[in-house]
């Protein structure tokens with residue numbers, strides 16, 4: 001499928017969403033829509049793998065015959081004809097693609113129930129979702145569909161009305177997708193497109209689950225480069241990657257895309273919001289990440305309630321080759337006395353109650369490996385605010401951990417119009433200066449939201465790679481001594497101003513030009529008056 005077709009598929013599905021949701025809240029309808037696309041992906045992938053596994057035993061049954069037999073897929077026929085072989089077959093499928101979908105819960109079966117307006121659709125969907133959560137995978141995906149209430153009155157007051165509404169939704173989606181030849185990447189990209197569209201419609205809520213792809217590309221490009229010598233190119237492999245505020249998982253998937261699927265050992269993510277946590281798990285599977293290749297935890301990063309990150313023995317501490325994050329901006333939190341002794345914060349102090357920005361940063365930084373790179377999106381306030389934040393910032397600078405500060409344009413997010421920055425941190429840094437990149441004026445202006453074009457992204461990444469001494473009005477490498485003389489204030493415009501110098505005016509030249517203009521004006525007036533005199537008119 002071409003990129004144009006992928007965009008068309010995404011737009012068709014988005015149009016369907018707008019047509020069908022009616023008075024339903026966009027966030028509620030999002031969960032139904034994305035879950036059905038997820039089911040379609042699991043089913044298609046399973047059917048393809050099953051056909052390959054069964055080879056000549058796979059029933060090549062014409063559609064008209066399947067209609068007479070009242071089955072939706074050839075695999076349904078095989079299951080009916082080979083009951084004794086099902087366990088062996090499913091064990092083999094779990095080994096190869098890591099999951100199983102029973103034929104009666106496949107998308108083809110569900111779509112056929114919807115097409116025929118079957119009264120069994122709602123009940124079958126409930127059973128199918130429970131099966132996927134508890135039995136499909138070796139790993140337990142308990143609660144994957146917990147936010148989808150098929151018995152919600154938002155779908156209809158009675159079960160009959162709800163079933164009818166679901167028939168309409170599923171049928172429309174099935175017809176929309178049927179126009180395209182779908183594969184793993186296509187459905188994954190359509191899923192990402194819809195997440196972005198729903199994020200745009202959610203306004204301020206969108207920051208909870210979506211990082212714009214342009215920003216994801218910048219962060220993922222930076223953390224995949226060699227940490228000591230970015231100009232030498234990408235690392236060959238990242239063993240472990242962490243996003244401790246992963247939202248829908250798009251940032252982690254972008255890192256995986258940069259490295260290709262064989263360049264990453266395992267993906268780790270953490271998300272506090274239950275709905276978004278489920279979106280992330282679906283998003284991983286939709287992009288072909290096997291259940292053994294990722295671990296998404298539902299919990300609070302600030303409280304560090306994930307057992308694998310709570311190891312007190314330094315020798316057993318989990319460390320990551322890359323850490324990326326787009327945490328909630330200036331999030332209000334409740335730092336307790338016990339948190340003050342927490343191994344993540346003890347050497348730096350606690351971030352203030354009014355803004356947990358540095359608490360998020362220190363959490364991720366603690367788990368960064370010695371040769372790793374961390375890139376985090378934060379509001380500009382972290383660069384210059386005083387008090388506790390200044391103390392944390394000062395220690396990080398003195399320890400040589402802040403590598404690069406990147407200023408971005410305003411209005412890039414759905415959730416806020418404020419300009420943000422990217423901080424790049426390292427445990428072992430080759431240079432003792434800080435690179436400042438002021439990219440605030442490089443963007444394409446939009447009606448509701450600004451965006452970064454590929455050339456803007458490339459300029460940022462290439463500047464990070466080359467680490468120049470100075471690029472006029474764009475970048476500069478600044479010594480720690482100069483930063484110290486500014487009380488460790490990292491306000492970007494102090495070091496890289498985008499203001500244009502006022503043009504010097506030579507008054508002698510200007511005066512000469514005015515004299516010449518006056519001469520020409522006088523000469524023109526004299527000629528004009530001669531014409532007026534010939535016409536018998538008074539001079540001007």
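Taken together, the values in this text are just the output of simple stated rules run on the coordinates, not laboratory data. All figures in this text were calculated on a predicted structure; none of them were measured in a lab. For neighbour counting, all protein chains shown are included, and Cβ atoms are generated from backbone atoms with ideal geometry for every residue, glycine included.
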Degrees between helix 388-398 axis and first principal axis of the chain (Cα, 0 to 90, nearest 10): 80
Whole-angstrom gap from the stretch 400-459 to the stretch 507-540, using each part's C-alpha centre: 56
Helix-only [θ]222 nm of the chain, DSSP H runs n ≥ 4, -39500 (n - 2.57) each, per residue, nearest 500: -14500 deg cm²/dmol
Using alpha-carbon coordinates, inclination of helix 184-202 to the longest axis of the chain, degrees: 60
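How would you order 336-342, 430-436, 114-120 from highest to lowest mean count of nearby Cβ atoms within 10 Å? Write out the running numbers ahead of the final one.
Working: 336-342: 11.7, 430-436: 17.6, 114-120: 14.6.
Taking the mean over residues of other Cβ atoms within 10 Å, the ranking is 430-436, 114-120, 336-342.
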Sorted largest first, extent of the chain alpha carbons per principal axis (Å): 109, 81, 46
Descending principal axes extents, the stretch 209-495, alpha-carbon based, whole Å: 48, 44, 38
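Compare the peptides 401-407, 167-173, 320-326, 77-83 by average per-residue count of other Cβ atoms within 10 angstrom and give them in order, highest first. All intermediate terms of the calculation are to be shown ahead of the outcome.
Working: 401-407: 23.1, 167-173: 19.9, 320-326: 26.3, 77-83: 14.3.
Highest to lowest by the protection proxy: 320-326, 401-407, 167-173, 77-83.
Report, for the chain, the % of DSSP beta bridges that are antiparallel, rounded to 5. Please list the in-between numbers first.
Values: 21 of 42 bridges.
That works out to approximately 50 percent antiparallel.
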Centroid-to-centroid separation of the stretch 132-172 and the stretch 71-128 [C-alpha atoms, Å]: 17
Among 505-513, 137-145, the order from most to least packed when residues are scored by Cβ within 10 Å on average: 137-145, 505-513
Angle between the chain longest axis and helix 507-534 axis [Cα atoms, degrees, rounded to 10]: 80
Centre separation in Å (Cα based) which lies between the stretch 336-390 and the stretch 256-284: 23
Kirkwood hydrodynamic radius (C-alpha pairs) into Stokes-Einstein, the stretch 3-203, 4 °C and 1.567 mPa s, D in µm²/s: 73
Two-decimal ratio, the stretch 313-374, of alpha-carbon radius of gyration to 2.2 N^0.38 Å: 1.17
